Structures are given as structure tokens and as C-alpha cells.
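Before any comments, here is the structure.
The values are calculated or read from the model by the stated rules, or taken from the named source; none is laboratory data. Being a predicted model, the structure only gives us computed values, none of them experimental. When we count neighbours, we look across all protein chains shown, and the Cβ atoms used for this are built from the backbone with ideal geometry, even at glycine. Note: accessible area is taken over every heavy atom of the protein model, side chains too, but ligands, DNA and RNA are not part of it. Shrake-Rupley method; radii C 1.70, N 1.55, O 1.52, S 1.80 Å.
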Amino acid sequence: MLLGIQRVVAGRPAVSSAARGLSHFGEHSLGWLAVAGAGAALAHRRGDDTGVRRWAEAGVGAFGAHAASVIIKRVVRRKRPHDDRIRVGVSTPSKLSFPSSHATSTTAAAILIGRAAGLPPAALPAALVPPMLLSRLVLGVHYPTDVLAGAAIGAASAAAVVAGDRLIATHDRR
């Protein structure tokens with residue numbers, strides 16, 4: 001499947017360039033932390049305490065999801081794709097593949113940033129997650145199961161952040 005994806009899209013310079021851009025943006029969830037920080041700063045300027053909290057949760061959730069994926073990688077220890085026919089289009093900080101940390105942090109960030117921005121729940125994940133997942137395959141650094149598992153872990157991480165926020169809000173009302 002990975003070879004098929006690469007045959008269809010990886011040879012297109014614009015696709016490879018976009019995939020590398022997404023890779024750099026998502027590295028260690030730093031791009032998502034920057035977006036969450038900017039959102040929190042803007043909410044603070046508006047005097048929106050709930051907005052500040054939700055944007056902060058987006059940053060914490062994205063980074064926490066990334067950290068969880070790194071821990072899981074070290075337990076599972078699955079090696080990245082290694083076939084001479086696979087073109088690797090970007091360097092990676094480790095040789096471990098499962099789960100994709102980019103998929104994990106991007107999914108958590110998309111859900112939580114969308115929530116902080118007041119968007120419909122599926123809007124941002126639908127726009128951001130598929131391109132990031134596909135980019136990891138185009139770049140030849142993950143198997144399809146790596147990105148799917150990463151997305152699932154990211155969604156679970158975001159759900160935990162939302163549940164924690166609701167628990168705190170319930171406690172604060174008492």
C-alpha cells in the first residue's frame with residue numbers, strides 16, 4: 001500500500017514539498033503549540049478567560065498526545081519502513097515508527113483547536129488530519145497502520161482533555 005501511494009503521488013514536486021512542509025510544522029508538535037499560544041494570546045487580549053483555557057488545553061493536549069506517542073514508540077519499537085523501493089523524503093528524529101507522532105499530535109490539535117475556535121466538531125479534523133496522515137506515507141516514514149493508530153491515540157488524547165475540562169467546570173460550579 002505504501003509503495004502504491006508513493007507511485008501515485010510522491011513523484012509530484014508540489015505534493016512532496018507540501019508533505020515536507022507539514023512534516024516540519026508538526027515536528028514535536030511545535031507548530032500546533034505556536035497556533036495554540038497565538039489563540040490563547042488573542043483570547044487574553046479579548047478578556048475571554050474560557051477562550052484562554054481552551055486554547056491552552058489545545059496546546060497541552062497536542063503536546064501530551066505527542067509525548068504519549070513517543071512513549072508508545074519506545075515500548076513497541078517498530079522500525080520505520082525499510083525497502084529500497086520506498087523513497088524517504090524527510091529525516092526523522094528516531095528510527096521508530098509506531099505510532100506516528102505527527103498523526104497523534106495533529107489529530108489532538110485539530111480537535112482541540114477547533115473546539116477553542118468554536119468550529120463545528122468535525123470541521124478542523126476533516127481539513128487537517130487526512131493531509132498530515134497522507135504526508136507521512138508520501139514521505140515514506142510510516143506504514144498506514146502507524147498513522148491510523150496515531151490518529152486514534154490523538155483522538156483519545158483530545159477526548160481526555162475535553163473530559164478533564166468538563167470535570168473541572170463541573171467542580172468550579174459547585
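The stretch between Ser94 and Ala34 holds 19.3 nm of extra length on full extension. This uses 0.36 nm per residue minus the Cα-Cα distance. For segment 1-50, the solvent-accessible area with a 1.4 angstrom probe is 61 square angstrom per residue. May I ask for the percentage of alpha-carbon pairs in the chain that lie more than 30 Å from each other? Tail fraction, whole percent: 20.
In this rough spin-label picture, where each label sits 7 Å from Cα along the Cβ direction, the Ala18-Arg77 distance is 3.8 nm. A simple spin-label model places the labels of Ala117 and Leu3 3.9 nm from each other, with each point 7 Å out along Cα-to-Cβ.
Comparing Leu119, Leu133, Leu22 in a Gaussian network model of the chain (Cα springs below 10 Å), the most mobile by mean-square fluctuation is Leu119. Note on Ala41 and Ala126: their simple-model spin labels are 3.1 nm apart, each label 7 Å out from Cα toward Cβ. Excluding ligands, DNA and RNA, the accessible surface per residue across segment 76-156 is 43 Å² with a 1.4 Å probe. Within the accessible surface of the chain, defined with a 1.4 Å probe on protein heavy atoms only, the carbon and sulfur portion equals 66 percent. Of the candidates Ala109, Ala155, Ala68, which one comes out as most mobile in a Gaussian network treatment of the chain with C-alpha springs shorter than 10 Å? Maximum fluctuation in the GNM of the chain, among the listed residues, is at Ala68. Of the candidates Ala103, Ala126, Ala19, which one comes out as most mobile in a Gaussian network treatment of the chain with C-alpha springs shorter than 10 Å? Maximum fluctuation in the GNM of the chain, among the listed residues, is at Ala126.
Need one word for segment 1-57: rounded, prolate or oblate. Basis is the Cα gyration tensor (sqrt eigenvalues a ≥ b ≥ c); a/c below 1.5 gives rounded, then a/b vs b/c decides.
Here segment 1-57 falls in the prolate category.
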